[in-house]
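**Q** Handing you this structure, nothing more for now.
The values are calculated or read from the model by the stated rules, or taken from the named source; none is laboratory data. All of these numbers come straight from a predicted model, not from anything done at the bench. Note that we place each Cβ from the backbone using ideal geometry, even for glycine, and neighbour counts take in every protein chain shown.
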Amino acid sequence: MTTVLLTGASGFLGQHVLRELVAAGAEVRALSRREETDAVIGALGGTPVRADVTDVASLTAAMTGVDAVFHTAADTNTWRPHNDAQTRTNVGGAENLLAAAKAASVRSFMHTSSVSAYSHLVHGMLREDVAQRGGDSWINYERTKFLAEQAVRAAGIPFIIFQPSHILGPGDTRNWSRLIAMIDQNRLPGVPPGSGAFADVREIAKAQVRAWQREKFGEAYLLGGEHASFLELVTLIGGQLGRKTPKRALPLPLLKIFAQFKYRVSLITRKPPDITPESAMFTCHDLAVDSSKAIRDLDYRATPLPALLADTIAWMRSVQMLR
(Lines give C-alpha, C1' and ligand atoms only; values in the text may rest on other atoms or scores of the structure.)
Protein backbone atom coordinates (compact mmCIF):
# COMPACT_ATOMS: atom_id res chain seq x y z
CA MET A 1 0.00 0.00 0.00
CA THR A 2 1.24 3.49 -0.89
CA THR A 3 1.92 5.75 2.09
CA VAL A 4 1.03 9.42 1.72
CA LEU A 5 1.84 12.31 4.05
CA LEU A 6 -0.89 14.97 3.99
CA THR A 7 -0.71 18.46 5.46
CA GLY A 8 -3.76 20.57 6.21
CA ALA A 9 -5.88 17.45 6.58
CA SER A 10 -8.33 19.02 9.04
CA GLY A 11 -8.88 22.04 6.80
CA PHE A 12 -11.57 22.63 4.21
CA LEU A 13 -9.71 21.31 1.14
CA GLY A 14 -7.53 18.92 3.14
CA GLN A 15 -10.49 16.92 4.44
CA HIS A 16 -11.72 16.33 0.89
CA VAL A 17 -8.24 15.34 -0.32
CA LEU A 18 -7.99 12.92 2.62
CA ARG A 19 -11.29 11.28 1.62
CA GLU A 20 -10.14 10.89 -1.98
CA LEU A 21 -6.76 9.44 -0.99
CA VAL A 22 -8.37 6.89 1.34
CA ALA A 23 -10.88 5.97 -1.39
CA ALA A 24 -7.92 5.46 -3.76
CA GLY A 25 -6.44 2.92 -1.35
CA ALA A 26 -3.61 5.01 0.08
CA GLU A 27 -2.45 4.83 3.68
CA VAL A 28 -2.62 8.46 4.78
CA ARG A 29 -0.53 9.97 7.54
CA ALA A 30 -1.99 13.38 8.29
CA LEU A 31 -0.14 16.13 10.12
CA SER A 32 -1.99 17.19 13.25
CA ARG A 33 -1.04 19.65 15.98
CA ARG A 34 -3.73 18.90 18.56
CA GLU A 35 -6.20 16.30 19.77
CA GLU A 36 -9.25 17.98 18.21
CA THR A 37 -7.83 17.54 14.71
CA ASP A 38 -6.74 13.99 15.55
CA ALA A 39 -10.42 13.10 15.87
CA VAL A 40 -11.34 14.71 12.55
CA ILE A 41 -8.53 12.92 10.74
CA GLY A 42 -9.31 9.55 12.33
CA ALA A 43 -12.99 9.80 11.40
CA LEU A 44 -12.01 10.27 7.75
CA GLY A 45 -9.73 7.23 7.69
CA GLY A 46 -6.37 8.90 8.17
CA THR A 47 -3.70 8.35 10.81
CA PRO A 48 -2.86 11.50 12.80
CA VAL A 49 0.82 12.31 13.10
CA ARG A 50 1.96 14.95 15.57
CA ALA A 51 4.00 17.32 13.41
CA ASP A 52 4.10 20.91 12.19
CA VAL A 53 5.42 22.36 8.92
CA THR A 54 7.50 24.89 10.86
CA ASP A 55 9.18 22.14 12.94
CA VAL A 56 11.85 20.38 10.86
CA ALA A 57 12.52 17.62 13.41
CA SER A 58 8.85 16.60 13.53
CA LEU A 59 8.69 16.51 9.73
CA THR A 60 11.79 14.36 9.49
CA ALA A 61 10.22 11.79 11.82
CA ALA A 62 6.85 11.90 10.03
CA MET A 63 8.42 11.42 6.58
CA THR A 64 9.95 7.98 7.25
CA GLY A 65 8.58 5.44 4.78
CA VAL A 66 6.47 7.99 2.90
CA ASP A 67 6.02 7.59 -0.86
CA ALA A 68 4.25 10.87 -1.68
CA VAL A 69 3.44 14.19 -0.03
CA PHE A 70 0.23 16.17 -0.52
CA HIS A 71 0.74 19.68 0.85
CA THR A 72 -2.57 21.55 1.29
CA ALA A 73 -1.81 23.53 4.49
CA ALA A 74 -1.58 27.32 4.16
CA ASP A 75 -1.96 30.53 6.12
CA THR A 76 -4.48 32.73 4.28
CA ASN A 77 -4.00 35.78 6.52
CA THR A 78 -4.51 39.24 4.99
CA TRP A 79 -3.61 41.33 8.09
CA ARG A 80 -0.11 42.83 7.90
CA PRO A 81 0.90 42.29 11.57
CA HIS A 82 0.65 38.54 10.91
CA ASN A 83 2.72 38.59 7.72
CA ASP A 84 5.90 37.22 9.28
CA ALA A 85 4.07 34.20 10.68
CA GLN A 86 2.38 33.68 7.31
CA THR A 87 5.73 33.71 5.53
CA ARG A 88 7.14 31.16 7.99
CA THR A 89 4.21 28.85 7.30
CA ASN A 90 3.70 29.29 3.56
CA VAL A 91 7.28 29.63 2.40
CA GLY A 92 9.33 28.20 5.26
CA GLY A 93 6.83 25.38 5.75
CA ALA A 94 7.04 24.35 2.09
CA GLU A 95 10.85 24.51 2.18
CA ASN A 96 10.92 22.39 5.35
CA LEU A 97 8.62 19.78 3.84
CA LEU A 98 10.64 19.64 0.65
CA ALA A 99 13.92 19.22 2.54
CA ALA A 100 12.49 16.45 4.70
CA ALA A 101 10.93 14.76 1.66
CA LYS A 102 14.20 14.87 -0.25
CA ALA A 103 16.12 13.44 2.71
CA ALA A 104 13.61 10.58 2.97
CA SER A 105 13.73 9.89 -0.80
CA VAL A 106 10.04 10.63 -1.21
CA ARG A 107 9.05 9.96 -4.81
CA SER A 108 6.63 12.84 -5.48
CA PHE A 109 5.31 16.10 -4.04
CA MET A 110 1.80 17.46 -4.74
CA HIS A 111 1.59 21.14 -3.83
CA THR A 112 -1.60 23.17 -3.41
CA SER A 113 -0.82 26.72 -4.42
CA SER A 114 -3.40 29.30 -5.52
CA VAL A 115 -4.35 31.61 -8.34
CA SER A 116 -2.85 34.22 -6.00
CA ALA A 117 0.61 33.16 -7.17
CA TYR A 118 -0.22 35.02 -10.41
CA SER A 119 -1.33 38.10 -8.38
CA HIS A 120 -4.08 40.65 -8.81
CA LEU A 121 -1.50 42.54 -10.90
CA VAL A 122 -2.31 40.18 -13.78
CA HIS A 123 -5.47 41.07 -15.71
CA GLY A 124 -7.47 39.05 -18.18
CA MET A 125 -7.96 35.28 -18.40
CA LEU A 126 -5.53 33.22 -16.35
CA ARG A 127 -3.85 30.31 -18.11
CA GLU A 128 -0.87 28.27 -17.01
CA ASP A 129 1.39 30.02 -19.53
CA VAL A 130 0.64 33.50 -18.13
CA ALA A 131 3.65 35.01 -16.35
CA GLN A 132 3.18 35.01 -12.58
CA ARG A 133 3.61 38.33 -10.76
CA GLY A 134 3.13 37.23 -7.17
CA GLY A 135 6.74 38.10 -6.43
CA ASP A 136 6.01 41.75 -7.30
CA SER A 137 2.88 42.03 -5.17
CA TRP A 138 2.42 44.22 -2.07
CA ILE A 139 0.07 41.53 -0.72
CA ASN A 140 2.03 39.09 1.41
CA TYR A 141 -0.26 36.13 0.70
CA GLU A 142 0.36 36.50 -3.04
CA ARG A 143 4.12 36.77 -2.50
CA THR A 144 4.23 33.69 -0.26
CA LYS A 145 2.22 31.54 -2.69
CA PHE A 146 4.54 32.60 -5.51
CA LEU A 147 7.69 31.91 -3.48
CA ALA A 148 6.43 28.53 -2.27
CA GLU A 149 5.81 27.50 -5.88
CA GLN A 150 9.35 28.55 -6.77
CA ALA A 151 10.69 26.38 -3.94
CA VAL A 152 8.71 23.37 -5.16
CA ARG A 153 9.96 23.78 -8.73
CA ALA A 154 13.60 24.06 -7.57
CA ALA A 155 13.65 21.21 -5.05
CA GLY A 156 14.53 18.39 -7.42
CA ILE A 157 11.55 16.20 -6.43
CA PRO A 158 8.92 15.20 -9.04
CA PHE A 159 6.07 17.63 -8.36
CA ILE A 160 2.58 18.67 -9.41
CA ILE A 161 1.27 22.15 -8.58
CA PHE A 162 -2.42 22.95 -8.19
CA GLN A 163 -3.72 26.52 -8.41
CA PRO A 164 -7.35 26.70 -7.24
CA SER A 165 -9.48 29.82 -7.49
CA HIS A 166 -12.33 30.68 -5.07
CA ILE A 167 -13.32 27.42 -3.38
CA LEU A 168 -16.89 26.58 -2.36
CA GLY A 169 -18.56 23.41 -1.17
CA PRO A 170 -19.60 21.29 1.81
CA GLY A 171 -17.25 21.53 4.77
CA ASP A 172 -16.52 25.25 4.45
CA THR A 173 -16.53 26.84 7.89
CA ARG A 174 -14.25 29.86 7.37
CA ASN A 175 -14.17 30.94 3.73
CA TRP A 176 -17.21 31.83 1.60
CA SER A 177 -19.46 30.30 4.26
CA ARG A 178 -18.95 33.52 6.26
CA LEU A 179 -20.51 35.49 3.41
CA ILE A 180 -23.42 33.04 3.23
CA ALA A 181 -23.98 33.33 7.00
CA MET A 182 -23.90 37.14 6.84
CA ILE A 183 -26.56 37.12 4.13
CA ASP A 184 -28.65 34.64 6.14
CA GLN A 185 -28.44 36.95 9.17
CA ASN A 186 -29.14 40.10 7.11
CA ARG A 187 -25.73 41.50 8.17
CA LEU A 188 -24.15 42.06 4.75
CA PRO A 189 -23.14 45.74 4.59
CA GLY A 190 -22.46 45.78 0.87
CA VAL A 191 -21.15 43.89 -2.14
CA PRO A 192 -17.66 44.38 -3.60
CA PRO A 193 -17.35 45.29 -7.28
CA GLY A 194 -15.12 42.42 -8.43
CA SER A 195 -15.73 38.94 -9.82
CA GLY A 196 -14.42 35.44 -9.28
CA ALA A 197 -14.19 31.89 -10.57
CA PHE A 198 -16.01 29.62 -8.13
CA ALA A 199 -14.63 26.09 -7.87
CA ASP A 200 -16.07 22.96 -6.23
CA VAL A 201 -13.82 21.69 -3.43
CA ARG A 202 -14.83 18.10 -4.23
CA GLU A 203 -13.71 18.41 -7.84
CA ILE A 204 -10.42 20.01 -6.78
CA ALA A 205 -9.68 17.09 -4.46
CA LYS A 206 -10.52 14.53 -7.15
CA ALA A 207 -8.31 16.33 -9.67
CA GLN A 208 -5.35 16.31 -7.28
CA VAL A 209 -5.54 12.56 -6.70
CA ARG A 210 -6.05 11.85 -10.42
CA ALA A 211 -3.01 13.98 -11.32
CA TRP A 212 -0.90 11.96 -8.88
CA GLN A 213 -2.26 8.63 -10.13
CA ARG A 214 -1.65 9.66 -13.75
CA GLU A 215 1.89 10.87 -12.88
CA LYS A 216 1.49 14.36 -14.33
CA PHE A 217 4.79 15.39 -12.77
CA GLY A 218 6.32 18.72 -13.68
CA GLU A 219 2.89 20.19 -14.47
CA ALA A 220 0.82 22.98 -12.92
CA TYR A 221 -2.98 23.08 -13.12
CA LEU A 222 -5.34 26.00 -12.74
CA LEU A 223 -8.54 24.76 -11.10
CA GLY A 224 -11.26 27.34 -11.64
CA GLY A 225 -15.01 27.28 -11.93
CA GLU A 226 -18.03 29.23 -13.10
CA HIS A 227 -17.28 32.92 -13.45
CA ALA A 228 -19.61 35.40 -11.74
CA SER A 229 -19.49 38.88 -10.31
CA PHE A 230 -19.73 39.09 -6.54
CA LEU A 231 -23.07 40.85 -7.01
CA GLU A 232 -24.33 37.86 -9.02
CA LEU A 233 -22.99 35.50 -6.33
CA VAL A 234 -24.69 37.41 -3.52
CA THR A 235 -27.95 37.58 -5.47
CA LEU A 236 -27.90 33.80 -6.00
CA ILE A 237 -27.22 33.18 -2.31
CA GLY A 238 -29.99 35.55 -1.26
CA GLY A 239 -32.42 33.82 -3.58
CA GLN A 240 -31.61 30.37 -2.17
CA LEU A 241 -31.87 31.62 1.41
CA GLY A 242 -34.95 33.74 0.84
CA ARG A 243 -33.12 36.89 1.99
CA LYS A 244 -32.95 40.38 0.51
CA THR A 245 -29.56 41.44 -0.83
CA PRO A 246 -28.09 44.69 -2.23
CA LYS A 247 -29.00 45.55 -5.81
CA ARG A 248 -25.72 47.29 -6.61
CA ALA A 249 -22.06 46.78 -5.85
CA LEU A 250 -20.21 49.28 -3.68
CA PRO A 251 -18.11 51.90 -5.49
CA LEU A 252 -14.47 50.82 -5.58
CA PRO A 253 -13.06 54.02 -3.96
CA LEU A 254 -15.50 53.73 -1.05
CA LEU A 255 -14.54 50.12 -0.36
CA LYS A 256 -10.83 50.95 -0.39
CA ILE A 257 -11.31 53.90 2.00
CA PHE A 258 -13.36 51.74 4.35
CA ALA A 259 -10.71 48.99 4.31
CA GLN A 260 -7.95 51.49 5.13
CA PHE A 261 -10.02 52.87 8.01
CA LYS A 262 -10.63 49.40 9.45
CA TYR A 263 -6.93 48.57 9.14
CA ARG A 264 -5.86 51.73 11.01
CA VAL A 265 -8.33 50.96 13.79
CA SER A 266 -6.94 47.42 14.01
CA LEU A 267 -3.46 48.78 14.70
CA ILE A 268 -4.88 50.41 17.81
CA THR A 269 -7.06 47.50 18.96
CA ARG A 270 -4.45 44.88 17.89
CA LYS A 271 -7.31 42.73 16.60
CA PRO A 272 -7.61 41.59 12.96
CA PRO A 273 -10.38 43.55 11.19
CA ASP A 274 -13.13 41.93 9.14
CA ILE A 275 -11.78 43.69 6.05
CA THR A 276 -8.23 44.77 5.20
CA PRO A 277 -6.77 46.63 2.20
CA GLU A 278 -5.49 43.25 1.02
CA SER A 279 -8.82 41.44 1.24
CA ALA A 280 -10.55 44.42 -0.36
CA MET A 281 -8.19 44.19 -3.31
CA PHE A 282 -9.04 40.50 -3.79
CA THR A 283 -12.75 41.32 -3.97
CA CYS A 284 -12.24 44.29 -6.27
CA HIS A 285 -10.26 42.23 -8.77
CA ASP A 286 -11.92 40.54 -11.77
CA LEU A 287 -10.70 36.95 -11.74
CA ALA A 288 -11.30 34.69 -14.74
CA VAL A 289 -9.67 31.26 -14.97
CA ASP A 290 -9.20 28.89 -17.90
CA SER A 291 -9.30 25.31 -16.56
CA SER A 292 -9.12 23.61 -19.95
CA LYS A 293 -5.78 21.93 -19.21
CA ALA A 294 -7.17 20.29 -16.06
CA ILE A 295 -10.37 19.35 -17.90
CA ARG A 296 -8.31 17.66 -20.60
CA ASP A 297 -5.72 15.93 -18.40
CA LEU A 298 -7.61 15.27 -15.16
CA ASP A 299 -11.30 15.08 -16.12
CA TYR A 300 -11.82 18.16 -13.99
CA ARG A 301 -15.28 19.71 -14.07
CA ALA A 302 -16.84 22.97 -12.99
CA THR A 303 -20.02 22.51 -10.96
CA PRO A 304 -22.72 25.03 -12.01
CA LEU A 305 -22.74 27.80 -9.42
CA PRO A 306 -26.41 27.45 -8.37
CA ALA A 307 -25.88 23.73 -7.68
CA LEU A 308 -22.60 24.37 -5.87
CA LEU A 309 -24.24 26.98 -3.66
CA ALA A 310 -27.19 24.67 -2.96
CA ASP A 311 -24.84 21.91 -1.78
CA THR A 312 -22.85 24.35 0.36
CA ILE A 313 -25.98 25.81 1.94
CA ALA A 314 -27.48 22.37 2.57
CA TRP A 315 -24.32 21.31 4.40
CA MET A 316 -24.25 24.53 6.44
CA ARG A 317 -27.83 23.90 7.49
CA SER A 318 -26.99 20.32 8.45
CA VAL A 319 -24.37 21.57 10.95
CA GLN A 320 -26.51 24.46 12.23
CA MET A 321 -24.43 27.22 10.65
CA LEU A 322 -27.57 28.87 9.28
CA ARG A 323 -30.83 29.91 10.84
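**Q** Regarding SER58, is this residue outside any helix (DSSP H, G or I) and either under 18 Å from ASN96 (Cβ atoms) or among the small types (Gly, Ala, Ser) (or both)? Steps first, please.
**A** Working: outside any helix (DSSP H, G or I): no; either under 18 Å from ASN96 (Cβ atoms) or among the small types (Gly, Ala, Ser) (or both): yes.
Judged against the criteria, SER58 is not a match.
**Q** Against the condition of a type in the set (Ser, Thr, Tyr) and over 30 Å from SER108 (Cβ atoms), how does SER266 come out, does it pass?
**A** Values: of a type in the set (Ser, Thr, Tyr): yes; over 30 Å from SER108 (Cβ atoms): yes.
Taking the combined requirement at face value, the residue satisfies it.
**Q** Just give me the residues in the range 293-311 being over 18 Å from LEU168 (Cβ atoms) and in contact (Cβ under 8 Å) with a residue 60 or more places away in the chain, in sequence order.
**A** Within the range 293-311, LYS293, ASP297, LEU298, ASP299 meet the criteria.
**Q** Also: The conditions are (1) more than 30 Å from ARG270 (Cα to Cα); (2) without any contact (Cβ under 8 Å) to a residue 60 or more places away in the chain; (3) crowded, with 24+ Cβ neighbours inside 10 Å, and ARG50 fails exactly one of them. Which is it?
**A** Of (1) more than 30 Å from ARG270 (Cα to Cα); (2) without any contact (Cβ under 8 Å) to a residue 60 or more places away in the chain; (3) crowded, with 24+ Cβ neighbours inside 10 Å, only one is false for ARG50: (3).
**Q** Which residues, counting only those in the range 76-105, are in a loop (DSSP other than H, G, I, E, B) and either without any contact (Cβ under 8 Å) to a residue 60 or more places away in the chain or in contact with a Pro (Cβ under 7 Å, 6 or more places away or on another chain) (or both)? Full working, then the answer.
**A** From the range 76-105, those in a loop (DSSP other than H, G, I, E, B) are 76-79, 104-105; that's our starting set.
TRP79, ALA104, SER105, listed by residue number.
**Q** Kindly provide the set of residues from the range 269-281 that are in contact (Cβ under 8 Å) with a residue 60 or more places away in the chain and surrounded by fewer than 20 Cβ atoms within 10 Å (Cβ to Cβ), ordered by number. Before the answer, list the steps.
**A** Within the range 269-281, the first condition is being in contact (Cβ under 8 Å) with a residue 60 or more places away in the chain, and the residues that meet it are 270, 272-273, 276, 278-281.
Those that are in contact (Cβ under 8 Å) with a residue 60 or more places away in the chain and surrounded by fewer than 20 Cβ atoms within 10 Å (Cβ to Cβ): ARG270, PRO272, PRO273.
**Q** Let me ask another. I'd like to verify a number: residues in the range 312-323 that are under 20 Å from the mean Cα position of the chain (by Cα) and either modelled with pLDDT under 95 or more than 17 Å from ASP172 (Cβ to Cβ) (or both), how many?
**A** If we filter the range 312-323 for residues that are under 20 Å from the mean Cα position of the chain (by Cα), which is where we start, we get 312-313, 315-316.
With the extra rule that they be either modelled with pLDDT under 95 or more than 17 Å from ASP172 (Cβ to Cβ) (or both), the set shrinks to none.
Result for the range 312-323: 0.
**Q** Would the range 111-120 turn up any residue that is assigned to a loop (DSSP other than H, G, I, E, B), among the polar types (S, T, N, Q) and under 18 Å from THR72 (Cα atoms)? So that I can check it myself, show each step before the final result.
**A** Step one: list which residues in the range 111-120 are assigned to a loop (DSSP other than H, G, I, E, B), which gives 113-114, 118-120.
Checking which are among the polar types (S, T, N, Q) leaves us with 113-114, 119.
Next, only the ones that are under 18 Å from THR72 (Cα atoms) stay: 113-114.
Yes; the residues of the range 111-120 include at least one that is assigned to a loop (DSSP other than H, G, I, E, B), among the polar types (S, T, N, Q) and under 18 Å from THR72 (Cα atoms).
**Q** Being β-branched (Val, Ile, Thr), in contact with a Gly (Cβ under 6 Å, 6 or more places away or on another chain), surrounded by 19 or more Cβ atoms within 10 Å (Cβ to Cβ) and at pLDDT 95 or above: is that true of THR72 here? First the steps, then the outcome.
**A** On the way: β-branched (Val, Ile, Thr): yes; in contact with a Gly (Cβ under 6 Å, 6 or more places away or on another chain): yes; surrounded by 19 or more Cβ atoms within 10 Å (Cβ to Cβ): yes; at pLDDT 95 or above: yes.
Yes, satisfied.
**Q** I'm told ALA103 meets every condition in (1) surrounded by fewer than 22 Cβ atoms within 10 Å (Cβ to Cβ); (2) over 23 Å from ASP67 (Cα atoms); (3) among the hydrophobic types (A, V, I, L, M, F, W, C) except one. Can you identify the failing condition by its number?
**A** Of everything listed in (1) surrounded by fewer than 22 Cβ atoms within 10 Å (Cβ to Cβ); (2) over 23 Å from ASP67 (Cα atoms); (3) among the hydrophobic types (A, V, I, L, M, F, W, C), ALA103 misses just condition (2).
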